[in-house]
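A quick write-up on the structure given underneath.
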Amino acid sequence: MYPSMRSSVTASISLCFLSLFSLSAFARPATFLQDFQVTWSDSHIRQIDGGRAIQLVLDQNSGCGFSSKHKYLFGRVSMKIKLIPGDSAGTVTAFYMNSDTDTVRDELDFEFLGNRTGQPYTVQTNIYARGQGNREQRVNLWFDPAADFHTYTILWNHHHIVFYVDDVPIRLYKNNEAKGIPYPKLQPMGVFSTLWEADDWATRGGLEKINWSKAPFYAYYKDFDIEGCSVPGPANCASSTNNWWEGTAYQALNALEYRRYKWVRMNHMIYDYCSDRSRFPKPPPECVAGL
Ligand SMILES: *[C@@H]1O[C@H](CO)[C@@H](O)[C@H](O)[C@H]1NC(C)=O
Ligand SMILES: *[C@@H]1O[C@H](CO)[C@@H](O)[C@H](O)[C@H]1NC(C)=O
């Protein structure tokens, strides 16, 4: 609703106060350019809604990518994503945190693998800790992630790493350093996203190829929210137990979250490296029950 001509001056003054107020009262979510920069193919990332949302484009010329301007050591990152609709087979949309180091890499991955129209999107997650990855899990989404925006979140604190789809934890990796299991905690990580073509492996193991006659493909992102200790930044931030993401409510899944987590594992998980005996005749230590 627009103010009438007569009151437009007062209206714009009060609107101005209003936006000043909301800026300080609700500092998050941020606009794209506050926290992020384009890293790959400027022409394929379009800002919309005054920079509060973006459109990522994949066509035969290029995919695209962006990254956070800063790195973070512990915190919570979330964004709302609306994936490519219809025939998205062969496309991969990724949202991940990465230490950006070659040898001793830490990485927390969400990868959305497209599919033929009507077939479910697969979310693959992976965790690299102190240079070692190979911890893939796959879940088929129980809704159409292209019909609407959904929130995808990575929580990373001293106690565990949790991947959430909306309010549902789909992946949990506990800090079991005491049992000799590597946990990412020394290196800050940046936040990254990419949209690209990977039809040699993404959909049904590479059987389903991308249909370029459907291009360009579009994915949408909004509500960028990074809360964590930025590095460089105050040196004592990451170890402070006062950070909200280290609080009691975030140290373990609550009963409801745990039920949801079990539900996903029972009904929607299609692959778990922990039970892949051809790759791991002896299950990796973090997979052993009770950890
Ligand atoms: C695509 O759909 C097929 C058939 O329903 C399913 O087996 C597969 O897990 C889905 N996801 C991918 C990435 O192939
Ligand atoms: C690719 O898309 C075109 C146009 O919609 C369609 O006619 C064709 O059958 C599709 N090819 C495959 C392999 O799905």
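The table that follows gives values for the structure above.
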item	result
From the options 58, 73, residue that is touching a Cys at 6+ places or on another chain (Cβ under 9 Å) and within 16 Å of ligand 2 (Cβ to nearest atom)	58
Residue among 75, 133, 114 that is among the small types (Gly, Ala, Ser) and within 16 Å of ligand 1 (Cβ to nearest atom)	114
Of all residues in region 136-147 being within 12 Å of ligand 1 (Cβ to nearest atom) and out of contact with any Phe, Trp or Tyr (no Cβ under 6 Å at 6 or more places or on another chain), the one that is nearest to residue 271 (Cα to Cα)	139
Selection status of residue 104, touching a Gly at 6+ places or on another chain (Cβ under 8 Å), over 24 Å from residue 251 (Cβ atoms) and more than 16 Å from ligand 1 (Cβ to nearest atom)	yes
Residue tally, condition more than 13 Å from ligand 2 (Cβ to nearest atom) and buried (at least 22 other Cβ atoms within 10 Å of the Cβ), over region 82-91	3
Condition broken by residue 118, with the remaining ones in (1) free of Cβ contacts under 8 Å to residues at least 24 places away in the same chain; (2) away from ligand 2 (no atom under 16 Å from the Cβ); (3) surrounded by fewer than 20 Cβ atoms within 10 Å (Cβ to Cβ) satisfied	(2)
Residue in region 250-262 that is without any contact (Cβ under 8 Å) to a residue 40 or more places away in the chain and either charged (D, E, K, R) or more than 16 Å from residue 162 (Cβ to Cβ) (or both) present	yes
Of residues in region 174-203 being within 16 Å of ligand 1 (Cβ to nearest atom) and without any contact (Cβ under 8 Å) to a residue 12 or more places away in the chain, the one farthest from residue 109 (Cα to Cα)	200
Of all residues in region 81-93 being part of a strand (DSSP E or B) and under 15 Å from residue 149 (Cα atoms), the one that is farthest from ligand 1 (Cβ to nearest atom)	82
Residues satisfying the stated conditions in region 240-283, i.e. surrounded by 12 or more Cβ atoms within 10 Å (Cβ to Cβ), in a loop (DSSP other than H, G, I, E, B) and either touching a strand residue (DSSP E or B) at 6+ places or on another chain (Cβ under 9 Å) or modelled with pLDDT under 95 (or both)	243, 251, 252, 253, 268, 283
From the options 67, 43, 62, 78, residue that is modelled with pLDDT of 95 or more, small (Gly, Ala, Ser), more than 25 Å from residue 143 (Cα to Cα) and assigned to a strand (DSSP E or B)	67
Top-ranked residue of region 204-239 - restricted to ones that are among the hydrophobic types (A, V, I, L, M, F, W, C) and either over 21 Å from the mean Cα position of the chain (by Cα) or surrounded by fewer than 16 Cβ atoms within 10 Å (Cβ to Cβ) (or both), ranked as farthest from ligand 1 (Cβ to nearest atom)	235
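The values are calculated or read from the model by the stated rules, or taken from the named source; none is laboratory data. Please read these numbers as outputs of a predicted model, since none were measured by experiment. Backbone-built Cβ (ideal geometry, glycine too); neighbour counts: all protein chains shown.
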